[in-house]
Every structure is written in structure tokens, then in C-alpha cells.
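First up is the structure itself, then whatever we jot down about it.
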Amino acid sequence: MRCVVVGAGAWGLPAAAELATRGHEVTLVDRFGVANTLSSSPGPTRLWRLTHPDAVRVRLARRSVEAMERLASRSGTTVFLRRGLLWRDDVSLPAVVGALAAEGVPHEVVAADAVARIVPGLVPDGRDAVWQEEAGPVLAAASMAAQAGLFEAFGGALRVGGTVVSVEPRPAGPRATLDDGTALDADVVVLAPGPGAGELLRGLGVDLPLRPHLEQVVHLGVAADPHAHDEHPCLFDGPRGDEPGLYSMPTPGVGFKVGLDRPLRDWTLADPDRTPDAALTAYTAQRVARTLTAVGREVIDAQVCCWTDSPDGRFVIDTLPGGVVLACGDSGEGFKFSALMGIVLADLAEGRAPDADVASFGLARFTTGVPSGPHVLGR
């Protein structure tokens, strides 16, 4: 089967690698290349966890761990670590505890005044929390390198430097057209273009209001001892008053990675600036100094990347008429499911029907913007 995959990020690259390992002829197209600094996929780490406020994502997260273990075995590379996660948030906590309990996931509800027993230096603020051991950093750069190695080893072709401007379903199979006029004909096209999804979808008759953002993360720690926080647990600290939510994890050999749910600005194709915002870096460091007193206070580095909100904050995964598979709307959670997404999208590209959990992310949940024709995932 001839496959064209659009986007060499955390979803597109694993899909391309999986299709190549299954013996298909795969062309992977990305304007700037694998895990480039303008995409959603650069940087050394992301956060994975079983802890979610709904049972569907708890189940998918379990499958994602299996997929990461499979990737590690196939590539001979460590692609994730276990450090555990404390989730502190009075709004979402009942749903999180309920979802974990419903799926039989071991967890511990931690009283507000005992949170420092789990996360060293975490200052109590009157909110209870839940601790779950199955969580930690995805070694994002290593994971992408492992997928790229599999893609290359099984004969995948990477095309860098062109932008796919349209995808046209045709009776003989879909055609992806690049900005230089090159036409790539295929039996199936997998669309995983990150923030560029909206324009391609409009060309396919799907009016889905995606909103790409730029967001910043900061590594804090001890410059003289980059391994000082390698064993530190992960934390999600929900929003409180005017303060945004905070998520954090160790990046081994670098420091303690902290991000705030406060976007820098909306993403646009014409804006290649990825310079960190000094004021946001300073605010992040101050927030950590007030909240996590055991974390070193030196700013090691700051990085800016993009992510794309879907209308309801959940992934959009579907098949469109004419041999097109769609994956977009990572909503800031895409990388934790990266290894699993490669398997899911490859299965869809081969025409397999999705299970109910994957099907729940289909376009049919939206009342507008769905083109006519059968939608396997939306049934």
C-alpha cells in the first residue's frame, strides 16, 4: 500500500514508522523535518500518566504504556521513565479518583496537609490530592529518534522542505499536493500536521475550529548538579484563583521541567519566533519557589513550542471519505500517547475498524463541520 503521511511530529512520525514496519511504501512529508523547533514535538521530555478525569483516557493511557514498552523493545532504547504523579486540584479531583477507581488503577488519596510526604517541598494549600505511581517523563527526543530509526530501517522516505497545501480524495486514491506543485499519489493519506491541520481540513470540507497556541516551559534546578532532580516525582497543581495550572516532571541530566497552562500567544504560520518570554520565565521560577521549595531555583533554560486545542479539548481522530485518516487537536496531551497513536493511525490506514474508545474521538461528536460520507470512527 502506498502511504503519504503529512507531519513528522509526535503522531505523524510514529504512524509512518509503524506503516513502514508493516511493509507499506511510506512517504513522510514535513516542511522542517522531524521534531523541528517550530513544531509541537521538540524538547527532551513530556509527561505521561494514567491519571485522567475520565475512564476513556485512563484506558488509552494504559495502552500507551504498552506501546512505549513495545517501542523500547523494538528500538533497544529507553523511551520513558516511572516517577509517579501527584494530582492536586479541588475541581477535577473527584472525577480523577472516580475514573481511577472505575478502571481498577491503584491510587492513594492524600490529605491536604500530607502532600509533602509524596512530593518533597510541596507547600500545602488546603487542597487534597491523589497519588498514582504509573507516571513519569516520556523521553521525547529519544522516543522520536527511536521512531525515526525504525522508519529509516524499514525503507521509509522522508521529504523535507515542502508544505502540503491540499489533499484531494480521488477514485484512484487520494493525492497530496505540495506548494511547489508536486503531486504525491497514494492509497491512503494520514493527516497529522499539528497546527497546520485547519487549512487542510477546510479543503476537505471539514470546518473544525482548531486553535493553535505557543506555550513555554522552563527547566529549573542546580546548574552544578544537573542530576539533582532526576528522581523527583511529577506534579499537576490545578489552577487556583488567578494562578494557572502547573505541571512538572524531571528531565534527567537537565533539571526539573515546569510548564504553566498560560499560552504565550496564538500560533500563526508567519510567526517563527520561539524566543522565550523573560517575564513568564521569571513568574514560573517565582511560582515554583512558593510552591515547590525542594526544587533548585536556578533557571537552566526555557523553551517554546506549539500545541493545538480542539473545540472540546479532546483529540480528533477519524477517517474521511476517499482514503484520508485524520489526527489533530492534541490539546497539549498528544505526546503521552505518541507511541500508541502510531499503532492506532496505522490500523485505520489499513482499514481496520476502531474500538469504542478510539471511536469516541471521531468527528461525529461535533454538530457542524462534518463532511458527508461514512466516518468509521464516528459511528
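It is to be established whether one or more residues within the range 75-85 are under 21 Å from Gln303 (Cβ atoms), part of a loop (DSSP other than H, G, I, E, B) and open to solvent by 10 Å² or more (accessible area, probe 1.4 Å).
So far as the range 75-85 goes, yes, one or more of its residues are under 21 Å from Gln303 (Cβ atoms), part of a loop (DSSP other than H, G, I, E, B) and open to solvent by 10 Å² or more (accessible area, probe 1.4 Å).
Could you tell me which residue of the range 217-237 is farthest from Arg314 (Cα to Cα), considering only residues that are open to solvent by less than 10 Å² (accessible area, probe 1.4 Å) and within 23 Å of the chain's Cα centre (by Cα)?
Quick first cut of the range 217-237, residues open to solvent by less than 10 Å² (accessible area, probe 1.4 Å) only: 218-221, 234-235, 237.
Filter once more, keeping what is within 23 Å of the chain's Cα centre (by Cα): 218-220, 234-235, 237.
Values: Val218: 25, His219: 27, Leu220: 30, Cys234: 22, Leu235: 21, Asp237: 20 Å.
Within the range 217-237, the match that is farthest from Arg314 (Cα to Cα) is Leu220.
Exactly one condition in (1) assigned to a loop (DSSP other than H, G, I, E, B); (2) among the hydrophobic types (A, V, I, L, M, F, W, C); (3) in contact with a Pro (Cβ under 6 Å, 6 or more places away or on another chain) is false for Ala95; which is it?
(1)
The rows are residues; the columns are (1) out of contact with any Leu (no Cβ under 8 Å at 6 or more places or on another chain); (2) of a type outside the set (Asp, Glu); (3) assigned to a loop (DSSP other than H, G, I, E, B).
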site: Asp207; (1), (2), (3): no, no, yes
site: Pro212; (1), (2), (3): yes, yes, no
site: Glu215; (1), (2), (3): no, no, no
site: His219; (1), (2), (3): yes, yes, no
site: Asp225; (1), (2), (3): yes, no, yes
site: His232; (1), (2), (3): yes, yes, yes
site: Leu235; (1), (2), (3): no, yes, no
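What about Leu71, is it out of contact with any strand residue (DSSP E or B) (no Cβ under 8 Å at 6 or more places or on another chain), more than 20 Å from Val56 (Cα to Cα) and surrounded by 15 or more Cβ atoms within 10 Å (Cβ to Cβ)? Working first, answer last.
Values: out of contact with any strand residue (DSSP E or B) (no Cβ under 8 Å at 6 or more places or on another chain): yes; more than 20 Å from Val56 (Cα to Cα): yes; surrounded by 15 or more Cβ atoms within 10 Å (Cβ to Cβ): yes.
In short, yes.
Please work out which residue is surrounded by the fewest Cβ atoms within 10 Å (Cβ to Cβ), limiting yourself to the range 37-68 and to residues that are at pLDDT below 95 and of a type in the set (Gly, Ala, Ser).
To start, the set of residues in the range 37-68 that are at pLDDT below 95 comprises 37-43.
From what's left, of a type in the set (Gly, Ala, Ser): 39-41, 43.
Numbers: Ser39: 23, Ser40: 24, Ser41: 28, Gly43: 21.
Only one residue fits best here, namely Gly43.
When the residues of the range 226-244 are narrowed to those that are free of Cβ contacts under 8 Å to residues at least 24 places away in the same chain and charged (D, E, K, R), which ends up farthest from Tyr283 (Cα to Cα)?
Step one: list which residues in the range 226-244 are free of Cβ contacts under 8 Å to residues at least 24 places away in the same chain, which gives 230, 241-242, 244.
Filter again for charged (D, E, K, R), leaving 230, 242.
Working: Asp230: 23, Asp242: 13 Å.
This residue is Asp230.
Evaluate the range 257-271: report whether one residue or more is crowded, with 17+ Cβ neighbours inside 10 Å, closer than 17 Å to Arg83 by Cα and modelled with pLDDT of 95 or more.
yes
Any residue that is assigned to a loop (DSSP other than H, G, I, E, B) and in contact (Cβ under 8 Å) with a residue 40 or more places away in the chain - is there at least one of those in the range 283-292? So that I can check it myself, show each step before the final result.
First pass over the range 283-292, keeping only residues assigned to a loop (DSSP other than H, G, I, E, B): none.
For the range 283-292, residues assigned to a loop (DSSP other than H, G, I, E, B) and in contact (Cβ under 8 Å) with a residue 40 or more places away in the chain: absent.
The values are calculated or read from the model by the stated rules, or taken from the named source; none is laboratory data. Predicted, not measured: the structure shown is a model, and the values here were computed from it. Reconstructed Cβ throughout: ideal geometry from the backbone, glycine too, with neighbour counts over all protein chains shown. Accessible surface is based on the protein model in full, side chains and every heavy atom, while ligands, DNA and RNA are left aside. Shrake-Rupley method; radii C 1.70, N 1.55, O 1.52, S 1.80 Å.
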